[in-house]
1. Would you tally the residues in the range B:13-59 being assigned to a strand (DSSP E or B), more than 7 Å from every other protein chain (Cβ to nearest Cβ) and among the acidic types (Asp, Glu)?
2. Whether any residue in the range A:80-88 is in contact (Cβ under 8 Å) with a residue 60 or more places away in the chain and under 25 Å from A:Asn41 (Cβ atoms) is what I want to check.
3. Which condition does A:Tyr64 not pass, out of (1) at positive phi; (2) crowded, with 21+ Cβ neighbours inside 10 Å, if it passes all the others?
4. For the range A:80-89, how many residues are basic (Lys, Arg) and assigned to a strand (DSSP E or B)?
5. Going by what's in this entry, would B:Ala117 be described as assigned to a helix (DSSP H, G or I) and out of contact with any Lys or Arg (no Cβ under 8 Å at 6 or more places or on another chain)?
6. Mind checking which residues of the range A:46-79 are facing chain B (nearest Cβ under 7 Å), farther than 19 Å from A:Leu112 by Cα and either of a type in the set (Val, Ile, Thr) or assigned to a strand (DSSP E or B) (or both)?
7. Regarding B:Ala79, is this residue in contact with a helix residue (DSSP H, G or I) (Cβ under 8 Å, 6 or more places away or on another chain), in contact (Cβ under 8 Å) with a residue 40 or more places away in the chain and among the small types (Gly, Ala, Ser)?
8. Any residue at all in the range A:92-100 that's under 19 Å from A:Gln62 (Cα atoms) and hydroxyl-bearing (Ser, Thr, Tyr)?
Amino acid sequence: MSGQNFEFDGFNGSLGNLKLEESSSSSAQQDDAAAGGLQVNCFTEIVDDVTLHLQIIRLHKQIYAWISCNSAKFGHLYAAAPTRPSNTASVACLLGGASDNTGSSIARRLVLKTGLNIILACNIPKNAPMLEVNAEKKLVEKLIYLGYTKPKSKGLSS
Amino acid sequence: MGSSVQRFPVPFKNLSLDIKGNKTDIVICSYDDHIFVIATQIGTMGTILHARKEEGVSIHPTFSVSVIFGKRDEGMLVACARQLIEHISSSGSSRPLVLSIGLKDHSMETLKGIVSAVVENRMW
């Protein structure tokens, strides 16, 4: 898997966490307050000749993510959240994407993996399963790298 | 394209300010086909609205604003999105707006503060 990693800091320089640590649910608000704003992380990866752009914004107990393939379009917007008490996830299409299950399945699996509320803007073409898998894998890698989620010990995604 | 240090294609601004005593985090992102704004005082995305300029031939543009997630009974949020889309449209951009707004209070001063903060740090 060859890829170029870019990390782009915004104008007001909100640096992403580079430490690999388990994310604790408490005191996250204090970290955000100390950082003086929301943490925005941007990455570009090249996987199988396709350029994937990823943007992750961390809010307290919620994550906004944008994935796009080869363009800077916003794409379809989905909201997904864990549904207590059973271990399932509910997904809603907010903007477009009702006929497209790419983004909604990525959002659902992210919720299952991270246990957090996810708002996902996804600009990945339909009927491209390998692309969908690669994009989701990269996004989860970045979430683990940033410490927003714990890596799964089992290894395989559900 | 030897050492292509690509800029990330989506420029954004990340700021934090105080509005009526509440710390407000604002992120403004400029995608190719949308402007995305998050304004939160509560640590979550809150209510998400979508606002766009309608296609039409008349001189005065009309706008369509709708809540796509969250509080549907809070008129001030719709007004805030409407003001922002008008600013975006009057400066020449035809991109629709996705506004995510999570506030502790929905007073007019707070919303005016948010609109002015976003317009001051415009990305369109």
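The values are calculated or read from the model by the stated rules, or taken from the named source; none is laboratory data. The structure displayed is predicted, hence computed values, not measured ones. A quick note on method: Cβ atoms are made from the backbone with ideal geometry, for glycine too, and the neighbour counts reach across all protein chains shown.
1. Summing the residues that are assigned to a strand (DSSP E or B), more than 7 Å from every other protein chain (Cβ to nearest Cβ) and among the acidic types (Asp, Glu) in the range B:13-59 gives 1.
2. Of all residues in the range A:80-88, those in contact (Cβ under 8 Å) with a residue 60 or more places away in the chain come to none.
No, the range A:80-88 contains no residue that is in contact (Cβ under 8 Å) with a residue 60 or more places away in the chain and under 25 Å from A:Asn41 (Cβ atoms).
3. Unmet condition: (1).
4. 0
5. Numbers: assigned to a helix (DSSP H, G or I): yes; out of contact with any Lys or Arg (no Cβ under 8 Å at 6 or more places or on another chain): yes.
It is true that B:Ala117 is assigned to a helix (DSSP H, G or I) and out of contact with any Lys or Arg (no Cβ under 8 Å at 6 or more places or on another chain).
6. Within the range A:46-79, A:His53, A:Gln55 meet the criteria.
7. Spelling it out, it is not the case that B:Ala79 is in contact with a helix residue (DSSP H, G or I) (Cβ under 8 Å, 6 or more places away or on another chain), in contact (Cβ under 8 Å) with a residue 40 or more places away in the chain and among the small types (Gly, Ala, Ser).
8. Going through the range A:92-100, the residues under 19 Å from A:Gln62 (Cα atoms) turn out to be A:92-95.
Those still in the list that are hydroxyl-bearing (Ser, Thr, Tyr) too: none.
No; the residues of the range A:92-100 include none that is under 19 Å from A:Gln62 (Cα atoms) and hydroxyl-bearing (Ser, Thr, Tyr).
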